[in-house]
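Participant: Can you read through this structure? Questions will come right after.
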Amino acid sequence: MRVAFTILLLGAVAAGLAQTHKPAKPPSPAAVGAQHAEGDPWPIEHLGVDGNHNFTVEQVLTAAGLRVGQTGGKNEFEAARQRLLDTGVFDRAGYRFSSAQDGKGYDVTLEVLEMAQMYPVRFEDLPATDDQLREWLRQKDPLFAPRIAATKVELDRYVKWVGEFLAQKDYHETLMAKVLSENPPDLVILIRPAKQRASIARVKFTNTGDLPSGLLQTAMYGVAVGIGYTEPGVRELLDASVRPLYEARGMIQVSFPKITAEPAKDVDGVEVTIEVEQGPVYKLGRVSFTGSDDLTPRELTKMANLKPDKTANFDDVKAAQEKISQALRRTGFMVAKTDVHRKVNEAAKSVDVQFEMIPGPRFTFHELSIVGLDIESEPVVRKLWGLGLGKPFNVDYPNHFLERVKEMGIFENLKDTRSESKVNPNDNSVDVTLFFNK
């Protein structure tokens with residue numbers, strides 16, 4: 001007969017409250033059975049974990065300090081439970097054990113409830129790579145995982161460990177850890193220097209090539225000046241605000257090989273200097289389209305209006321991208337989008353462009369409602385409405401229709417009109433309401 005014992009303990013419950021559930025039938029008077037009944041030390045034959053999600057079984061067992069083959073009993077299991085609670089990442093910890101099938105040891109299961117407030121950790125403005133810091137933390141903490149607990153004890157511990165690693169690189173700035181929302185409602189734990197970032201006071205460009213530096217400074221001034229300086233942040237702004245200026249002139253390989261920041265002499269903040277390497281000018285190569293048969297190649301080519309063998313202008317490519325997406329939306333694909341793919345031919349200094357259309361589901365017109373007209377005027381408007389029931393819904397049609405009604409002069413003193421479109425997600429149909437304010 002196997003004799004089983006269960007001990008469930010809450011993090012806030014003292015060890016003395018742990019209870020041993022004795023079997024209904026007394027154990028065998030044999031020495032082994034009697035020792036098991038008391039929870040005396042015996043070899044651990046099997047170890048398991050229940051309730052873990054963020055941590056692996058191996059991590060929990062390492063933190064508990066138990067391993068298969070060691071001698072353990074109630075005192076050792078209680079000590080393991082306490083070690084788990086001392087980590088600060090479990091709300092509850094407990095254990096259960098029973099005699100193994102061979103009667104010569106224990107089967108033990110640790111029971112844990114992980115903290116709910118656990119978030120991914122991110123590093124910022126530190127002189128070490130993300131991989132270096134994570135590898136160091138894995139060495140320091142057997143419970144380092146994709147998410148860490150957002151408790152003061154845990155955050156202080158990680159700040160200390162990161163500081164120890166950076167001190168080896170002769171970096172001794174005070175660090176801080178805080179929970180913040182970068183992409184609401186998701187939260188992250190950020191470890192960074194406690195000192196506030198210096199703000200960008202001025203941006204300068206060197207070696208700007210065919211473009212005047214003043215044009216680039218104007219493009220960056222409104223988005224960069226006044227924000228905290230980081231090189232990755234400046235590079236994101238360059239890609240959004242300066243790179244398009246070069247790509248509109250065929251310089252699609254423009255790069256910014258060097259960015260430096262020094263304290264500004266006349267104002268608070270830093271002066272950022274950006275070196276530009278514009279690269280060669282590329283011509284537009286082959287233009288192709290894929291992803292939808294609702295628009296013919298001839299229609300798409302005319303719509304895009306791009307000129308192969310001419311200097312590649314990615315402002316024109318972006319405009320063509322939006323025209324194609326909008327054309328799809330007018331044929332019922334309300335959530336259509338278009339991706340642009342480039343293929344660079346370095347030998348010919350040309351770039352092929354492929355427009356990949358992603359139509360999504362097709363939406364159809366379902367019902368028209370009219371607000372603000374009397375029983376005599378409403379039928380007139382309904383008769384003019386040209387979008388039939390079940391036909392592909394044109395996202396531009398409602399407002400176009402209202403403009404047409406105004407131009408026809410059907411109603412005197414018509415002050416305002418507007419339309420609302422409501423999508424029925426069950427069948428991808430659309431109800432339209434027209435509002436008239438006379």
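Participant: Within region 125-154, take every residue that is under 21 Å from the mean Cα position of the chain (by Cα) and modelled with pLDDT under 90 and give me the one that is farthest from Ala167 (Cα to Cα).
Facilitator: It comes out as Pro146.
Participant: So, in region 178-211, of the ones that are of a type in the set (Val, Ile, Thr) and buried (at least 16 other Cβ atoms within 10 Å of the Cβ), which residue ends up nearest to Val225 (Cα to Cα)?
Facilitator: Of everything passing the filter in region 178-211, Ile200 is nearest to Val225 (Cα to Cα).
Participant: List the residue pairs whose Cβ atoms are under 8 Å apart, where the first residue sits in region 60-75 and is more than 29 Å from Ile148 (Cα to Cα) and of a type outside the set (S, T, N, Q), the second is open to solvent by less than 30 Å² (accessible area, probe 1.4 Å) and assigned to a loop (DSSP other than H, G, I, E, B), and the two are 6 or more positions apart or on different chains.
Facilitator: Gly72/Leu66; Gly73/Gly39; Lys74/Gly39
Participant: Which of the numbered conditions does Leu284 fail, given that it passes all the others? Conditions: (1) open to solvent by less than 30 Å² (accessible area, probe 1.4 Å); (2) at pLDDT below 95.
Facilitator: Only one criterion in (1) open to solvent by less than 30 Å² (accessible area, probe 1.4 Å); (2) at pLDDT below 95 is unmet by Leu284, namely (2).
Participant: Applying the selection to region 119-137, what residues are charged (D, E, K, R) and more than 20 Å from Gln196 (Cα to Cα)?
Facilitator: Asp130, Asp131, Arg134, Glu135
Participant: Looking for whichever is free of Cβ contacts under 8 Å to residues at least 24 places away in the same chain and in a strand (DSSP E or B) here; the options are Leu190, Leu237, Leu180. Which one fits?
Facilitator: It is Leu180.
Participant: Assigned to a strand (DSSP E or B) and modelled with pLDDT of 95 or more: is that true of Val317 in this structure?
Facilitator: Against the criterion (assigned to a strand (DSSP E or B) and modelled with pLDDT of 95 or more), Val317 does not qualify.
Participant: Take the residues of region 240-269 that are assigned to a helix (DSSP H, G or I) and free of Cβ contacts under 8 Å to residues at least 24 places away in the same chain: which is surrounded by the most Cβ atoms within 10 Å (Cβ to Cβ)?
Facilitator: Top of the filtered list is Arg243.
Participant: Moving to a separate point now. Name the residues in region 193-206 that are within 30 Å of Val242 (Cβ to Cβ) and without any contact (Cβ under 8 Å) to a residue 40 or more places away in the chain, would you?
Facilitator: Within region 193-206, Lys195, Gln196 meet the criteria.
Participant: Identify the single condition in (1) over 30 Å from Ala201 (Cβ atoms); (2) open to solvent by less than 20 Å² (accessible area, probe 1.4 Å); (3) part of a loop (DSSP other than H, G, I, E, B) that Ile324 does not satisfy, given that it satisfies every other one.
Facilitator: In the conditions (1) over 30 Å from Ala201 (Cβ atoms); (2) open to solvent by less than 20 Å² (accessible area, probe 1.4 Å); (3) part of a loop (DSSP other than H, G, I, E, B), Ile324 misses (3) alone.
The values are calculated or read from the model by the stated rules, or taken from the named source; none is laboratory data. The model shown is predicted, which means the values in this text are computed figures rather than measured ones. Note that each Cβ is placed from the backbone with ideal geometry, even for glycine, and that neighbours are counted across all protein chains shown. The accessibility values were calculated without ligands, DNA or RNA, using every heavy atom of the protein model including side chains. Shrake-Rupley method; radii C 1.70, N 1.55, O 1.52, S 1.80 Å.
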